[in-house]
Amino acid sequence: MKNEKYQLLVEQIKALIEGERDVVAVMANVAAAIHEAMGFWWTGFYRVMPKTGSDDKELVLGPFQGPVACMHIPFGRGVCGTAWERRQTIVVPDVEQFPGHIACSSLSRSEIVVPVFSKADEVVAVLDIDSCDLATFDDVDRQYLETICALIAPLF
């Protein structure tokens, strides 16, 4: 059932982004499509951006669906910052067990974060998805969400 939902979602996203060039608009529709199709609690992007008045970078909240969220996440902090640092998808069955988890909401129980890579192979954003239930995400989610992130990567 989950595989079929994701297969349809990937095709929908391909159609949504075909010919589009505005990365923010694409991220907004991709977040909405995933959120609507899969029924997750929070679905959105954080973009790698320069810190104000610094040469350092941080994750800054981008387009999302769900309740309000943390706006800035440092490199290597929380699940999002750690996925950015490690350059790999992180699946967290229980966020309370993740060292340094940033609790934007106490309702979040499990999480998956997928990096988005630029043509230059730099992490330029992360797709962050939260669930109110424990152990929501698995390898099926990882595979399809990585595919979706690869579809939008050429826009960066």
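The values are calculated or read from the model by the stated rules, or taken from the named source; none is laboratory data. Values in this document were obtained by computation on a predicted structure and should not be read as measured data. Virtual Cβ from ideal backbone geometry, glycine too; neighbours counted across all protein chains shown. Remember, those area values only see protein heavy atoms, side chains included, never the ligands or the DNA or RNA. Shrake-Rupley method; radii C 1.70, N 1.55, O 1.52, S 1.80 Å.
Computed quantities for the displayed model
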read-out	value
Close Lys-Lys pairs in the chain, where close means Cα under 28 Å and separation is 8 or more or interchain	5
Å² of accessible area per residue within the stretch 62-156, as computed with a 1.4 Å probe and no ligands counted	47 Å²
Percent accessible area from carbon and sulfur atoms, the stretch 65-118, protein chains only, probe 1.4 Å	53 percent
Interchain or long-range residues, amide H under 5 Å from residue 77's placed H	82
Cα-derived Rg over Rh, computed across the stretch 47-114 with Rh taken as Kirkwood radius	0.96
Inter-site label distance for residue 147 and residue 2 at 7 Å from Cα along Cβ, in nm	1.4 nm
Phi to ³J(HN,Hα) by Karplus 6.51 cos²θ - 1.76 cosθ + 1.60 over the stretch 59-70, Hz, x for Gly, Pro	8, 10, 3, x, x, 7, 10, x, x, 3, 9, 4
Karplus (6.51, -1.76, 1.60) ³J(HN,Hα), θ = phi - 60°, over the stretch 45-58, in Hz, Gly and Pro reported as x	10, 10, 9, 6, 9, x, 6, 4, x, 8, 8, 6, 10, 8
No Cys partner within the rule (Cβ under 4.7 Å), the chain	80, 132, 149
Inter-site label distance for residue 12 and residue 117 at 7 Å from Cα along Cβ, in nm	2.8 nm
Helical mean residue ellipticity (222 nm; -39500 (n - 2.57) per DSSP H run of 4+; nearest 500) of the chain	-11500 deg cm²/dmol
Using alpha carbons only: equivalent-ellipsoid semi-axes of the chain, gyration tensor based, whole Å	22, 20, 13
Rounded to whole Å, sorted largest first: equivalent-ellipsoid semi-axes of the stretch 9-78, Cα gyration tensor	25, 16, 8
Residue among 77, 109, 21 with the largest mean-square fluctuation in a Gaussian network model of the chain, springs linking Cα atoms under 10 Å	21
